[in-house]
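Before any comments, here is the structure.
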Amino acid sequence: MHVNLILMGPPGAGKGTQSALLGDRLKEACISTGNILREEVRRKSPLGTEAKRHMDKGELVPDDVMIGVIEDRLRQPDCDPGFILDGFPRTVPQAEALDRALRTLGRRLDVVVSLAVPNEELIKRLSGRRTCRECGALYHIIFDPPTNAGICNKCNGDLYQRDDDQEDIIVSRLEVYTRETAPLLQYYRARNLLAEIDGTGGREDILARIVERLENRL
Ligand code: AMP
């Protein structure tokens, strides 16, 4: 099965985790705009410097910047079989630009999976989240700790807490989601692309729910 898929949901809904699991299962490129930006920040590139100003406050990076990033990324050959977008689009103008970019490439979206998780749960997940500095793998200090504290199971990289996973910034990111990104649910529902999935429970259970929906739709 090959699909062109968007994973949507508020911060902490499990987009990164499910995108990695689905990417392995479907053998497809996982495109996380957050990971792309964090890599640019690490390299101190002009894009990274611009993005960091917004990311540190929990705000969105401007649409024109993000649209350029995704247009370049979708042209890479690893996206040919299919792609999983995690964290893009986050605004209606980004969704419209994505439609245009895909049309230019002669491709189209198959499905938009939206993971639903209550706000209290999102705050618990995000405030305990740890991210690998090297490979981006995700852990949680209580729900999914690494075997050795502070060290990635996959690559032995150093685990850290993202600046924007501090509690005051988490609250702003959830507000930004409700204001800017949640309207996309209606955008995709109207195009008959939306699959809403319960994002609570274990990661394998959530993956099974997603795969079942994909099989029913495609
Ligand atoms: P994420 O890893 O998806 O939670 O993204 C982390 C941060 O990167 C967000 O809080 C935004 O500041 C920025 N970002 C990632 N993707 C986008 C996007 N599509 N549009 C605007 N900003 C983004």
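The values are calculated or read from the model by the stated rules, or taken from the named source; none is laboratory data. Model, not experiment: these values are computed from the prediction. Glycine gets a Cβ as well: all are built from the backbone with ideal geometry, and neighbour counts include every protein chain shown. Heads up: the accessible areas ignore ligands, DNA and RNA and are worked out on the full protein's heavy atoms, side chains in. Shrake-Rupley method; radii C 1.70, N 1.55, O 1.52, S 1.80 Å.
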In a Gaussian network model over the chain where Cα atoms closer than 10 Å are linked, find which of L102, L159, L115 has the largest mean-square fluctuation. L102
The extension gain from M1 to A149, computed as 0.36 nm times the residue separation minus the Cα-Cα distance, is 49.6 nm
Could you work out the local net charge near D63, counting Lys and Arg as +1, Asp and Glu as -1, over the other residues with Cβ closer than 11 Å to its Cβ? -2
Counting only residues 5 or more places away or on other chains, whose amide H sits under 5 Å from the amide H of G58 once H atoms are built in the peptide plane? none
Within the chain, percent of DSSP bridges classed antiparallel, to nearest 5: 30 percent
Just from its helices, what would the mean residue ellipticity at 222 nm be for the chain, if runs of 4 or more DSSP H residues each count -39500 (n - 2.57) and the sum is divided by every residue, rounded to the nearest 500 deg cm²/dmol? -14000 deg cm²/dmol
So which residue, out of E96, E175, E120, gets the largest mean-square fluctuation from a GNM of the chain using Cα contacts under 10 Å as springs? E120
Backbone HN-Hα couplings from phi across the stretch 197-202 [Karplus 6.51/-1.76/1.60, Hz, Gly and Pro as x]: 10, 5, x, 9, x, x
May I ask you to derive the FRET efficiency for R213 and L102 from their Cβ-Cβ distance with R0 = 30 Å, giving the value to the nearest 0.05? 0.90
Estimated FRET transfer efficiency when R0 is 41 angstrom, pair N156-E196 (beta carbons, to 0.05): 0.65
Below 15 angstrom from the Cβ of N156, what's the summed charge of the other residues (Lys, Arg +1; Asp, Glu -1)? +1
Taking only Cα atoms of the chain, what ratio of Rg to Rh do you get with Rh as the Kirkwood inverse-distance radius? 0.93
Would you mind telling me which residue in D165, D205, D63 has the biggest mean-square fluctuation in a Gaussian network model of the chain, where springs connect alpha carbons within a distance under 10 angstrom? D205
A137 long-range amide H proximity, modeled H, under 5 Å: C132
Got a number for the accessible area of S19? Probe 1.4 Å, square angstrom, nearest 10. 10 Å²
Once you place label points 7 Å from the Cα toward the Cβ at S172 and E120, how far apart are they in nm? 2.6 nm
Under 28 Å between C-alpha atoms, the lysine pairs in the chain lying 8 or more places apart or on different chains count 14
